[in-house]
Amino acid sequence: MKKHFVVKMICLLTVMAFGLMGCGQKKANEFEPVLDTEAKVVLSTAGFFGNFEALDQVIADFNQYYPNVEFTYEQNGMENFDSYIKANTNIDIMMTSEEIFERFGDLVGLACADLSKEDINLSDIDEKMLKRGYHDGALSAIPMGQNTYGLVVNVSLLEKEGLEVPDNYEEFISVLTALKEKGYAPVQGPSSKVYAELVQDMAYDMILNDKNLYNDLMNGRESAAEKLQPVFDVLNEMEENGFIDPAVNAEYPDDNYDQAILKFFEGDVPFWVCNTEKVSGMKKRESKSEAFQNDPFTYTFIYAPLGEKGVYAYKEPWFGFSVNKNAENYDYAIEFMRFLATKKEINTIANMKGVPSVAVENEDNDIYKNISEPGKVEMEGTNEGEITSAMTNAWYSCVNKYIAGDYASDREALEDFAKLCSQ
Amino acid sequence: MQDRKKKIILFICNMFLILVMVSAAWVYSAYISKSQTEIKKTDFIRTIESMKSVSQNYLDGEKGYVKDWAAYISENGMTLEEALDFLRSINTNQERLVHIVDMDSYEAYSSYYPKGEEKIDTYVRYKEGEIEADLPFGEIMESMFRDSGEQFRLLGKYRLQETQSMAVGIGTRVTLRTENGNKDYLMLRIIPVEALKKSWVFPTEYSSAEIGIITRTGDYVVQSASMRSQNYIEYIRGYNFQDDYNKGEELRETLKENDSGVLEYKNFKGTDCVWYYSSFGEDSALDILGVLDKEELKASVDAWYIILIVCGTLFVLMVTDGVYLLSMNHRLREAARLSEQASRAKTQFLSAMSHDIRTPLNAVLGMMMIARNKADDPGCVTECMDKGLQSGKHLLTLINDVLDISKIESGTTVLNPEQVSLTEVVQDLVEMQKPALAEKNITLQSDFESLPCRYVYADKMRLNQIYVNLLTNAVKYTETGGRIILRLYEESINDRPDRIRLVFYVEDNGIGMTEEFQKDMYHNFAREINTQVNSTQGSGLGLAIVKQMVDLMKGTITCKSAPGRGTTFTVSIDLPVVEGVQETDSGREELNNIEDMHLLVAEDNELNWEIFHELVAERGIVCDHAENGKECVEMLEKAPPGTYAAILMDVHMPVMNGYEATRAIRALQDEALSQIPIVAMTADAFMEDIQACKDSGMNGHIAKPVDMKILFSYLGKIKSGQL
């Protein structure tokens, strides 16, 4: 009797041990087709990009499983998105953005399927990046990459001047001072963006990491302005020291994506304030720039080193893909999303587009090595929905107006920002 | 070493030839493949051009609608509202819209919307640059408005405000009545891009082909599935020369400067494609664009198949030739070896013949000389003549053997079966050996009792040849006072009552043979090197002839022998039995009644005639001599009837040979003359010679030197009327 009890206990413990081992192992997200792979289907897609090689690549990969699934792609504008949705009620896959949801929330929400209810393994995607895709509890979109603001640094130029890429604010000021003395306009970018974007990560990280600050902002309290004062202190120092030259930046190409990149390739811009969307177009324009071809140099992308210890690392998801609830080929549209959600494809679409990936195990391009693994970090945060388009627009507005002298003081600008956020 | 060097050179040459052949096959295949590809490419281009015509016709048709409507509206002096009402009523195709554009302000009115809500700002937005457009919208609209001829101008593509779908427009001028008089407007027929796409149906032979329309700057007007991006040039740049941005600009220039052309670029899947563009017209600024996977242009017969076939064939040929050459070399070596062996054999044969012929010839000539020198001593002369005669007989045997073995080896020996009396065979055999047996005092123990079937069907001469050779050898190699046991008996064969197995058994207690010699004893000129053997006359052909004859009769021969203990040969031959033959002894009796026979002998050789005449004269036979065949015939004809009992006819004679003479005699009118028995008496002793004699009409054949016994046997048969 005692012997039987011992044997039973050993068996039970063995089973439990195996069970615990199983719990510790994450199931690999390997794509296996579940639909008829020979079916001839045309999936209609629409997006904001003109050239969308990244999507083409994922489609080409998808076609290895479903060779007869054809994709049509139509470019639509964000401003007419509502009209487009109304006119194309059966479109299969739509490119969406947070701005779309904010502008046409109800309509888009009604059109987008809840992807969390479909059999899609989302384990390969950073959970925080997914959170912003939820609207009213439904997962409306899977992001295709990250939107990150920072600085493109002309590493060769710094090295030529005996300088190193700065890791913290002190080093940054030191480098900017040296560059200024050598006759460079150290920080460049279009006037309408250069100030706001330079300190944006700092401000957003502070908001994300201080719930009181966030609440104060949402309620338009003056205390929020006080808490955000360090951001404007940085701005003031930049301006007072002439690190950001208004005259130079007034000439910096703004919305002209192509020209802005070519301007940097002229080779005399030490720090270019921009985001990953701009960076994504740099590689293929290297050959377009005669100046760069004649005198190539190395460059990298960094978070602005505005903290005492290091950078303010701020992350947020970029555009995403949604499936139309009324899609003509709903099953195949979902099947494509299942495919897109795998590690390989979510990395592919980001890499091809030239932006950092939202994959848990990302395989980013070399230019993002300082973003993927920032060495010294002052603060970091991921926008899970707290930072809205409206807040960003308010930020741009207040910063630019402050620089333009529309406010009596920086405190007034910040208070106005808080006020705008609360509306 | 030299041989190896040659082989290497031969191998290199072969490999070079194969390489040349394969290269030629590859070049040829590539040429064929290229030609076929060019043909397919031309077909594809022709198809795209026909698609262009289809599109132009389609759009011309659409333009026809708008022109008709514009004419009707203008002629009827309609106002804008009336025109829109009219268009709503006449344009039943809901997919197609009609826009009326005020060319001063670009404000437009759509028949799609209900009355009062028709105003749209699509063209104002393009005019004001709110919407980027690759083509100069205003310029195209002005061109249509001026309606300057048959130009092919297409507006768009652009997104319709009404349906949010992409469309192109084609239009003409229309005159509307306004409060301030008539005013010209642009009336546009709007065709959705999807509808335009549907007008193209590609032939099924091009599974991967697609078609679209692009502007001269690469923007798509109509875009197929694999034409990605918003601009063709950007698309090609993205998938073909990402590292060289300027190549895109080169492509842009190419499209601008040329009316048509073929391009080869990869598509977004990395597949090599052929792209063909062709302008819709100088002013259209539009190109039709077709794309096809290069794979589809490839020739159906892949060059590698041909190369593989050529390689395979060459390899098989090389192997076959190699094997054949090796085999041929082997055979040549074998032939050379055999030839050498034959040469050696010939030399050995000539040497043996020289010895074997000269020895008895020496004896004949020597004895003749002794006899002549001692002509006064009759005893000595007789002895010399006997010895000379014996040597002559041996010489004859030798020549016969040599001729026989030559004939056997040439494969021309055939058996001539006839009825054979076994009793006669036995008697002749024993009779023939009696003198030798007596001379050597050899005891012959014979047993011929077990011969119930007295007659068989066999080649008597060859059968005798076997038995005589074996018995002669036994006598020859048995020492004086020895013993020979001779048996000839029959054995029955199961299930074959018509045949018997005739067994010849001869055993002696002579010198015997070594085992080593027994292995070669049936070979030509095989004689054991032995002092006893060497002192005995022999050609070394006897056993070879015996073996060949036994084989020819499908019999068996076995031998048991040991040196000093004698030899036993057993020959078994299966023969058909001849039943119901009455034994007669008349032939022998007749031998005694041949005296006084009168014969006509045709013989051109005087010596032969003399010998013959003398020998037959001893038996009281009278002979007349004819020197050739013609004389023989004449003598026969001239002689009184019944003069000659028979003719002995030589074959090779001058004037007329024996065959001709025989045929002439047989052709005589006088039956008594034409039926006279004619026996050939010739040195042509082969079977075919005997047959030739018979064929010419002769009744028998006697080989020279003439065996008088045979002659007398023939004469006996003639005398008795058996021949």
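The values are calculated or read from the model by the stated rules, or taken from the named source; none is laboratory data. Keep in mind that this is a model prediction, so the values were computed, not measured. Using ideal geometry, Cβ is built from the backbone for each residue, glycine included, and neighbour counts are taken over all protein chains shown.
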Exercise for review: Give the residues of segment B:263-280 that are more than 14 Å from chain A (Cβ to nearest Cβ) and loosely packed, with under 14 Cβ neighbours inside 10 Å, sorted by residue number.
Suggested key: B:264, B:272
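Is segment B:296-311 home to any residue that is assigned to a loop (DSSP other than H, G, I, E, B), surrounded by fewer than 12 Cβ atoms within 10 Å (Cβ to Cβ), more than 11 Å from every other protein chain (Cβ to nearest Cβ) and at pLDDT below 85?
Yes, segment B:296-311 has at least one match.
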Practice item. Working only within segment B:421-441, note down all residues that are of a type in the set (A, V, I, L, M, F, W, C) and in contact (Cβ under 8 Å) with a residue 60 or more places away in the chain. Key: B:422, B:425, B:426
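Conditions tested, residue by residue: (1) surrounded by fewer than 17 Cβ atoms within 10 Å (Cβ to Cβ); (2) in the same structural domain as residue A:127 (by TED's automatic domain parsing); (3) among the aliphatic types (A, V, I, L, M).
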site	(1), (2), (3)
A:349	no, yes, yes
A:361	yes, no, no
A:371	no, no, yes
A:374	no, no, no
A:378	no, no, no
A:382	no, no, no
A:385	yes, no, no
A:390	yes, no, yes
A:395	no, no, no
Exercise for review: Determine whether residue A:242 is under 22 Å from residue A:97 (Cα atoms) and of a type in the set (Gly, Ala, Ser).
Suggested key: no
Practice item. Restrict the check to segment B:409-424 and report whether at least one residue is under 58 Å from the mean Cα position of the chain (by Cα) and under 19 Å from residue B:473 (Cα atoms). Key: no
Exercise for review: For segment B:112-160, name all the residues that are touching a strand residue (DSSP E or B) at 6+ places or on another chain (Cβ under 6 Å), assigned to a loop (DSSP other than H, G, I, E, B), within 14 Å of chain A (Cβ to nearest Cβ) and modelled with pLDDT of 85 or more.
Suggested key: B:112, B:160
Review point. In segment B:224-236, which residues are modelled with pLDDT of 85 or more and within 8 Å of chain A (Cβ to nearest Cβ)?
Key: B:231, B:234, B:235
Study note, to complete from the structure: Considering only helices (runs of 4 or more DSSP H) wholly within segment A:269-362, the ones with at least 3 residues that are within 28 Å of residue A:61 (Cα to Cα) and away from chain B (no Cβ under 14 Å) are A:276-279, A:330-340, A:343-353
**Study point:** Of all residues making up segment B:218-240, the number that are in a helix (DSSP H, G or I), surrounded by fewer than 24 Cβ atoms within 10 Å (Cβ to Cβ) and not hydrophobic (A, V, I, L, M, F, W, C)
**Key:** 4
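Quick one: how many residues across segment B:191-217 are part of a strand (DSSP E or B) and of a type in the set (Asp, Glu)? Reasoning before the result, please.
Applying the first criterion (part of a strand (DSSP E or B)) to segment B:191-217 yields B:191-192, B:210-215.
Imposing the further condition that a residue be of a type in the set (Asp, Glu) reduces the set to B:210.
Qualifying residue count for the region: 1.
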Check your understanding: Can you name every residue in segment A:218-254 that is part of a loop (DSSP other than H, G, I, E, B) and touching a residue at least 12 places away in the same chain (Cβ under 8 Å)?
Key -> A:219, A:220, A:221, A:228, A:241, A:242, A:243, A:245, A:252, A:253, A:254
**Study point:** Selection within segment A:90-119 - at pLDDT 90 or above and either over 27 Å from residue A:41 (Cβ atoms) or surrounded by fewer than 19 Cβ atoms within 10 Å (Cβ to Cβ) (or both)
**Key:** A:90, A:114, A:116, A:117, A:118, A:119
Point to revise | Qualifying positions in segment A:35-89 - facing chain B (nearest Cβ under 8 Å), surrounded by 15 or more Cβ atoms within 10 Å (Cβ to Cβ) and within 13 Å of residue A:329 (Cα to Cα) | key: A:70, A:71, A:72
Check your understanding: Is it the case that residue B:247 is part of a helix (DSSP H, G or I) and either without any contact (Cβ under 8 Å) to a residue 40 or more places away in the chain or surrounded by 17 or more Cβ atoms within 10 Å (Cβ to Cβ) (or both)?
Key -> yes
Revision key, fill the gap. Sole miss for residue A:109 among (1) in contact with a helix residue (DSSP H, G or I) (Cβ under 8 Å, 6 or more places away or on another chain); (2) in contact (Cβ under 8 Å) with a residue 40 or more places away in the chain; (3) assigned to a helix (DSSP H, G or I) is condition (2)
Revision key, fill the gap. Quick count over segment B:148-183, residues being surrounded by 16 or more Cβ atoms within 10 Å (Cβ to Cβ) and among the acidic types (Asp, Glu), is 1
Revision key, fill the gap. Going through (1) among the acidic types (Asp, Glu); (2) crowded, with 16+ Cβ neighbours inside 10 Å; (3) under 20 Å from residue A:142 (Cβ atoms) one by one, residue A:415 fails only at (3)
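Okay, residues lined up against (1) surrounded by fewer than 21 Cβ atoms within 10 Å (Cβ to Cβ); (2) part of a helix (DSSP H, G or I); (3) not acidic (Asp, Glu):
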| site | (1), (2), (3) |
| --- | --- |
| A:171 | yes, yes, no |
| A:178 | yes, yes, yes |
| A:183 | yes, no, yes |
| A:192 | yes, yes, yes |
| A:196 | no, yes, yes |
| A:201 | no, yes, no |
| A:204 | no, yes, yes |
| A:207 | no, yes, yes |
Check your understanding: If you scan segment A:92-106, which residues turn out to be out of contact with any Ser or Thr (no Cβ under 6 Å at 6 or more places or on another chain) and outside any helix (DSSP H, G or I)?
Key -> A:95, A:97, A:104
Study note, to complete from the structure: Output for Cβ contacts, cut-off 6 Å, separation at least six or different chains, first residue on the phi < 0 side of the Ramachandran plot in segment B:75-103, second of a type in the set (Asp, Glu) and buried (at least 18 other Cβ atoms within 10 Å of the Cβ), reads B:84/B:118
Check your understanding: Of B:55, B:74, B:35, B:29, which residue is buried (at least 17 other Cβ atoms within 10 Å of the Cβ), among the polar types (S, T, N, Q), in the same structural domain as residue B:170 (by TED's automatic domain parsing) and within 30 Å of residue B:312 (Cβ to Cβ)?
Key -> B:29
Review point. If you take just the strands (runs of 3 or more DSSP E) that sit entirely in segment B:383-501, which of them hold at least 1 residues that are out of contact with any His (no Cβ under 7 Å at 6 or more places or on another chain) and closer than 19 Å to residue B:576 by Cα?
Key: B:418-421, B:455-458, B:483-492
Review point. Which condition does residue B:606 not pass, out of (1) charged (D, E, K, R); (2) within 26 Å of residue B:595 (Cβ to Cβ); (3) surrounded by 14 or more Cβ atoms within 10 Å (Cβ to Cβ), if it passes all the others?
Key: (3)
